[in-house]
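What follows is a single structure, written as structure tokens, with notes after it.
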Amino acid sequence: MVRVKNRYLVVKFLYPSTTPSSSSKDVVPQLLQLHQPTPDAFHAGLLLRAIRDGITELFGDYGMGMASTSLKINYHSPATSTAIIRCPQAHYQMVWAALTYMTKLPKPINTPVVVQVVRVSGTIKKAEMEVIRRAKEIILRAKIEQRGGADNATGDGMVGHIVKMVERRREEQVLVRVEEGEEEDDSDE
Amino acid sequence: MMENPKKRKYTNDTAALAKRARFPANPSRTISATPTTTAYPNGELNVSRFMRAHENEIKSLENAMRAAKKGLSRRAFQNVPRDLRRRTGSHNPQRVPKRLRDKARKEAKEDNTPISKSKSGSGTGKGGKGRLRVENIEKSKNAREKREEKKKKEQIEGTLSARKIRKKEDHPMMDEPTEHSAAVKKRRRKFAVLAVPDTPSSRFRRRQVHKTWLPTHIWHTKRATMTPGKEPLWRFAIPLRTAGKAYRLTHRAVLLRGAVAWDMSYMATIGLEGAEASIVGLLEGLHLTDEDGQATWQQKAIGKKWLNGTRVWEGWIYEREGKVPKKIAQVTVVWSVQQEGSTKRKAFIRVHPSAFLSLWNEVIRASKIQKPVVTVEDLRFEIGSIEIMGPASAETLCSVLSASSATELSSDTPPSLWSTIASVTNLRELPPSALLAFSVSDPRLRDPPRAADMTSQAQVIETLAYWPIDKTQTTPAIFDRTARLAACRSLPSQQSINRRKAMASPGNYPDPRPTDPQIPMLTFVSRRNNCWTVLLPWKCVLPVWRGIMRYPVSTGGNPRFGGLKERRQVDFERSVPSFPFDCPGTDAGWAWEQQERVERKMEWTKRPKGKRIEWATIDLGNSRKGEVGDPWACDWERLLQAKDGTEVTAESAVPPFRQILTKEASDLMTGHSVSPNISTPGVFSAKIIMVQRGIPTTCARIYRLPTNNQELRSKWLSLMVAPSPVSSPNQAPRKDQVSRPKNPPKHLRSRQLARNLLKPPQTSVDSLKASDENYPNVPDEEDLIGYVTTGNYNLAEGAPTAVANLGLGKYGHVCIWELV
């Protein structure tokens, strides 16, 4: 009996900001904004339907038939905008394409979204571990930026400290090299 | 669809309306996720909530990984409780409880386990035997067809009818025998003939040629180890032990909570019928005594009740002749309550099958002597019995055995008081050897059984105190052959019972009908075995047994069942010698001992040389080598030959000694009784409690304190003085201990502590163990007094004990027994 093999796609729903903001004060909310939670109305069933519609649109009935044999949403967390989707091994790229071509959440919600497939793996265990790793990373980043949140480059946090060090070295190097010659000024700046 | 109101209207939130998920989520395959509204109430986006949401995500994913790992580590058939597990559950999903079948099938498919579909349809089996059976079935079918063809041909040709007519002409009286056949049969019963069991169904006939199956045989084969096919015990196929380990479970079920039941249909019953005086004379001739050897049942009040038929007598029965009567077996004698208008009385004698034949011969001889002759019947295969023991035994019986509707329920009769006895948990509360007899209805009609009502406390106390059944017990129908046969024949088939149950309203039992069988039943409380014994007609044992096994005990679970091993265990825990295993002085016990010798020797020879005890080279100290006597046997011949000096053959069917009652033996030893000459040596049973560690097993040798060697004797006696582990506070300080100040300084304390830690514990210095060098040696063979017949760790006592038999020979009145 031949094994039916699947691929597990780890998917993140990202919400990049539409208004460009360059002020350093928005760094913390920028991380939060990018990884903001999805509304509850977008449940696993809706996501599945969206994928199916996408595949039909892109690859037609053939694609729909091939890809939806073992298409299943293993995990979908709206609070963290993460999902693990299972699809057949031979046609995982169709599902990936359908996800990539999703520009906004389906009908009732209609918010613009970027669907990023973060990892493809053959076992769900590795997919779960990837989600855990990313979640840990995000928590760490959020923590750092929260600590250095009040005042960023000028603050006492780690980022502020690093910025200060960089600035100081730059100043030293600039000060040192000014005496030697003009050609080196360009390269330092 | 809108026009037809019957069609279900599909709404969008059908899933939300559904009360129960159609496909319940498997916990090992789902990952839980929190919805956004719980993670971010009020919809605000702050960092702490963000972090918490991601932390929860990590937690739920880790849980999912753990659950998936656990889910794979146990297969479906491993989640089954121990007593429901079947060996073929791993590759046959049908042998697994229904709730796990789908899972088992999925798992088997996933890892390519070949699912074996058993090809043993219609009980033929697999392999060579199966093929033979199939061939035999075909053969018998062909033979049957040929016979039928032959008959048809002859009928057509008219030869058979011609023969018939000729017969009728020659013997005009030929019709009469058919009318008189009943009478002829009855008259033939006068000669006491050994009973023959009913011919079993053809499928199983070949296996019951040299043995008989118990009525619950097939039920037991699936759950217990039975006697091997070619080696039945006492010509019955008896369950030896339960399939799963049950030593402690049986102990707890019998003493603490629950119940244990045995199918004792192999106990033989002898029916006596005749005038009361002649039956009494017969029993007296056979020296029927009770456990203590007193035959005074005619003087005691309980003897009167027994004669009336409201009590049961348990005791020993002896051979008729001989200056010192020889024991045959332990028996139970039940009288039938006298029927009005009839001078004949009936009685049953119940005996173990190992002693049945000798008792039967004795009874026949004794019956012929009585003046109005006593009719003796062999009822071995007509009356079966179930014994049940434990705190839940009374409620089980009360629920399963319910009085049939035809019996009138006037107050104080056994059927009406039966339901009140359900709350009795200790059998000692009931009057000793009390008995109840009435007709019960088919237990299959009241299946599945319901828990008995145990609330009538006040009424129970009154019943137990006055026991009105002594006055209201009517003649039990079980003594009547027609009643027994009627019950057996009118047992409806399982199909008809199922139909009736289907027709009854849900939750109720089917209504009783006048055509229902009335099963005659007799129950008594056995003081000797501490159990309820239920006597039933042979064919009715199986429905009652199934009812008992399905009864929901009020404290949880179902009653357990036991085999021969559990029976012996239960007797051993009460330190009661069980017949015939612990009575080597009787014929039955001696035969058992001979059997066991062979078995033990074979077991020992089977083991490889490095893993068995070499009896021939055991060092007994003082340059003695080798175990005394035959190491696989309780060598009674050697023990009693040495004292006697007479020739004792090893392979005699009859033991060269007799079994003495314990009371008699103790009287003899203490010199209280004036006994006749002890011509033949004898053995009596004794209980042994171990002082130190070690568990005595069967055939262990028992020695008395050495009589000739004083030094050895004092050494052994010193072992008895055990040091107290807790020293008394008033003990005077020893001379070699310096009195310490109350609060020694730190360095002294640590020194003391180190000394205590390095010193071995004090108890080992004082008491010697068997492995020590200075442990006293085994006494000589002249001090050998007996052997252990059953020994084990006694859970009821919390210490290893043994039931042993000690020899008492000519020297009995000379030796001094020190009761230590």
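Couple of notes before you dig in:
- Answer from B:385, B:405, B:399, B:419 - the residue that is in a loop (DSSP other than H, G, I, E, B) and of a type outside the set (Asp, Glu): B:405
- Residue satisfying condition, being outside any helix (DSSP H, G or I), modelled with pLDDT of 85 or more and either more than 51 Å from the chain's Cα centre (by Cα) or in the same structural domain as residue B:93 (by TED's automatic domain parsing) (or both), within set B:32, B:60: B:32
- Which listed residue, of A:99, A:105, is within 16 Å of residue B:36 (Cα to Cα) and of a type outside the set (Val, Ile, Thr): A:105
- Selection from the stretch B:27-48 of residues that are more than 20 Å from residue A:74 (Cβ to Cβ) and either aliphatic (A, V, I, L, M) or more than 9 Å from chain A (Cβ to nearest Cβ) (or both): B:41, B:42, B:43, B:44, B:45, B:47
- Single residue of the stretch B:518-553 satisfying the filter (among the basic types (Lys, Arg) and over 22 Å from residue B:483 (Cα atoms)) that is surrounded by the fewest Cβ atoms within 10 Å (Cβ to Cβ): B:550
- The stretch B:63-77, residues that are surrounded by 13 or more Cβ atoms within 10 Å (Cβ to Cβ) and more than 7 Å from chain A (Cβ to nearest Cβ): B:63, B:67, B:68, B:71, B:75, B:76, B:77
- Per the listing B:83, B:102, the residue uniquely more than 14 Å from chain A (Cβ to nearest Cβ), in a helix (DSSP H, G or I), exposed (fewer than 15 other Cβ atoms within 10 Å of the Cβ) and touching a residue at least 24 places away in the same chain (Cβ under 8 Å) is B:83.
- Test: residue in the stretch A:101-108 that is away from every other protein chain (no Cβ under 12 Å), of a type in the set (S, T, N, Q) and over 14 Å from residue A:13 (Cα atoms): no
- Pick from the stretch A:35-86, criterion assigned to a loop (DSSP other than H, G, I, E, B) and over 22 Å from the mean Cα position of the chain (by Cα), ranking: nearest to the other protein chains (Cβ to nearest Cβ): A:70
- Conditions (1) outside any loop (DSSP other than H, G, I, E, B); (2) modelled with pLDDT under 90: number failed by residue B:541: (2)
- Within the stretch A:118-137, the set of residues being in contact with a Phe, Trp or Tyr (Cβ under 7 Å, 6 or more places away or on another chain) and in a strand (DSSP E or B) comprises A:120, A:121.
- Some residue of the stretch A:5-14 being in a helix (DSSP H, G or I) and out of contact with any strand residue (DSSP E or B) (no Cβ under 7 Å at 6 or more places or on another chain): no
- One residue from B:124, B:88, B:113 being free of Cβ contacts under 8 Å to residues at least 60 places away in the same chain, within 14 Å of chain A (Cβ to nearest Cβ) and hydroxyl-bearing (Ser, Thr, Tyr): B:113
- Candidate set from the stretch B:425-477 (those that are of a type in the set (Val, Ile, Thr) and within 26 Å of the chain's Cα centre (by Cα)); member that is surrounded by the fewest Cβ atoms within 10 Å (Cβ to Cβ): B:425
- Scanning the stretch A:133-147 for residues that are facing chain B (nearest Cβ under 8 Å) and either among the aliphatic types (A, V, I, L, M) or more than 15 Å from residue B:47 (Cβ to Cβ) (or both) turns up A:135, A:136, A:138, A:139, A:142.
- Residue check for residue B:257: farther than 20 Å from residue B:378 by Cβ and part of a loop (DSSP other than H, G, I, E, B): yes
- Residue B:502 falls short on exactly one of the conditions (1) outside any helix (DSSP H, G or I); (2) farther than 27 Å from residue B:358 by Cβ, and that condition is (1).
- Evaluated against (1) away from every other protein chain (no Cβ under 11 Å); (2) in a helix (DSSP H, G or I), residue A:115 falls short on exactly one condition, (2).
The values are calculated or read from the model by the stated rules, or taken from the named source; none is laboratory data. Predicted model, so just to flag it, every value in this text is computed and none were measured. Note: ideal-geometry Cβ built from the backbone for every residue, glycine included; neighbour counts use all protein chains shown.
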